[in-house]
Structures are given as structure tokens and as C-alpha cells.
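Enquirer: Mind looking over this structure? Questions follow.
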Amino acid sequence: MSANCLMFSWKKSVPGREKIGAAHFNEFVGYLTQLQKKGDVDAFEPILLTPNGEGPTGLFLIRGSGEKLAQITATPEWQAHVMRAMMHLENASLVQGVCGNAVMNRMEMWTSLIPD
């Protein structure tokens with residue numbers, strides 16, 4: 001599985017827009033399912049977290065090649081999903097990262113840069 005990922009997270013629904021958010025959640029799952037079937041993403045996982053007051057309460061972890069993930073985020077479909085989400089979710093955030101075996105490689109790089 002790919003070592004590149006996107007994390008799309010949010011804090012909570014905007015009050016009064018919960019139904020819109022629930023419908024969009026299902027549409028986004030369908031969109032990601034289609035991307036996975038086409039091979040544009042390796043896998044995705046929606047995750048709901050226990051409300052904690054400060055951090056996110058939900059996220060999608062999307063795994064794929066760095067090149068394909070970059071191509072996806074440049075499409076009008078992706079951008080429309082993100083814009084819609086920003087209208088009904090508080091603190092919507094998109095972050096790129098690494099996962100799997102790439103974590104240890106990244107940590108090795110990081111530790112090598114620590115000044116003596």
C-alpha cells in the first residue's frame with residue numbers, strides 16, 4: 001500500500017447545517033469509492049473521533065501515490081467537495097502526509113537534522 005496520504009478533518013458541523021453535512025458525508029464516501037475503483041486512490045477510511053473540545057472529531061484518511069493524490073486535489077470535483085465542506089463544517093482542514101513504512105524514513109531524516 002502507498003506511503004502517501006491525505007487527511008481531511010473537521011471539528012464539528014456548523015449548527016443548523018447538520019443535515020447538509022450528513023448528506024455530503026455520504027456523497028463524499030461515494031466519490032472516494034469511485035476513485036478507489038478507478039485506482040486513483042489505494043484506500044480510504046472515514047474515522048469519527050470522540051468529541052474532545054479542541055481537536056478534530058472526524059476525518060477521512062486517504063492513501064495513494066503522491067502523484068495521484070496531487071492530481072486528485074487539483075480536479076474541480078475535489079475542490080467542489082472541499083468548498084462544500086467548508087460551508088457546513090467548522091475547522092475543515094486538508095493535510096498531506098506519509099504513513100506506513102515512510103514514517104520511519106521520515107523520522108530518520110528528521111533525527112538526522114537535529115543539531116548536536
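Enquirer: Tell me, please, whether a residue that is within 16 Å of the chain's Cα centre (by Cα), surrounded by 14 or more Cβ atoms within 10 Å (Cβ to Cβ) and among the hydrophobic types (A, V, I, L, M, F, W, C) can be found in the stretch 16-26.
Expert: There is at least one residue in the stretch 16-26 that is within 16 Å of the chain's Cα centre (by Cα), surrounded by 14 or more Cβ atoms within 10 Å (Cβ to Cβ) and among the hydrophobic types (A, V, I, L, M, F, W, C).
Enquirer: Yes or no: Ala102 closer than 21 Å to Gly16 by Cα and of a type in the set (Gly, Ala, Ser)?
Expert: Working: closer than 21 Å to Gly16 by Cα: no; of a type in the set (Gly, Ala, Ser): yes.
So Ala102 does not fit the description; no.
Enquirer: Oh, and also: Only one residue in Val95, Val41, Val29, Val82 is free of Cβ contacts under 8 Å to residues at least 24 places away in the same chain and in contact with a strand residue (DSSP E or B) (Cβ under 7 Å, 6 or more places away or on another chain), so which one is that?
Expert: Details: Val95 fails: free of Cβ contacts under 8 Å to residues at least 24 places away in the same chain; Val41 fails: free of Cβ contacts under 8 Å to residues at least 24 places away in the same chain; Val82 fails: free of Cβ contacts under 8 Å to residues at least 24 places away in the same chain.
Testing whether each residue is free of Cβ contacts under 8 Å to residues at least 24 places away in the same chain and in contact with a strand residue (DSSP E or B) (Cβ under 7 Å, 6 or more places away or on another chain) leaves just Val29.
Enquirer: On to the next question. Sort through Gly55, Gly39, Gly64 and tell me the only one that's small (Gly, Ala, Ser) and in contact with an Asp or Glu (Cβ under 7 Å, 6 or more places away or on another chain). Can you show your working first?
Expert: Working: Gly55 fails: in contact with an Asp or Glu (Cβ under 7 Å, 6 or more places away or on another chain); Gly39 fails: in contact with an Asp or Glu (Cβ under 7 Å, 6 or more places away or on another chain).
Sole residue among the options that is small (Gly, Ala, Ser) and in contact with an Asp or Glu (Cβ under 7 Å, 6 or more places away or on another chain): Gly64.
Enquirer: Every residue in the stretch 52-75 that is charged (D, E, K, R) and either in contact with a Cys (Cβ under 6 Å, 6 or more places away or on another chain) or buried (at least 19 other Cβ atoms within 10 Å of the Cβ) (or both), please.
Expert: Hit for the stretch 52-75 is Arg63, nothing else.
Laboratory data are not the source of any read-out in this text; all were calculated from the coordinates shown. On a predicted model such as this, the values are computed, not experimentally measured, just so you know. Glycine also receives a Cβ, built like all others from the backbone with ideal geometry; neighbour counts cover every protein chain displayed.
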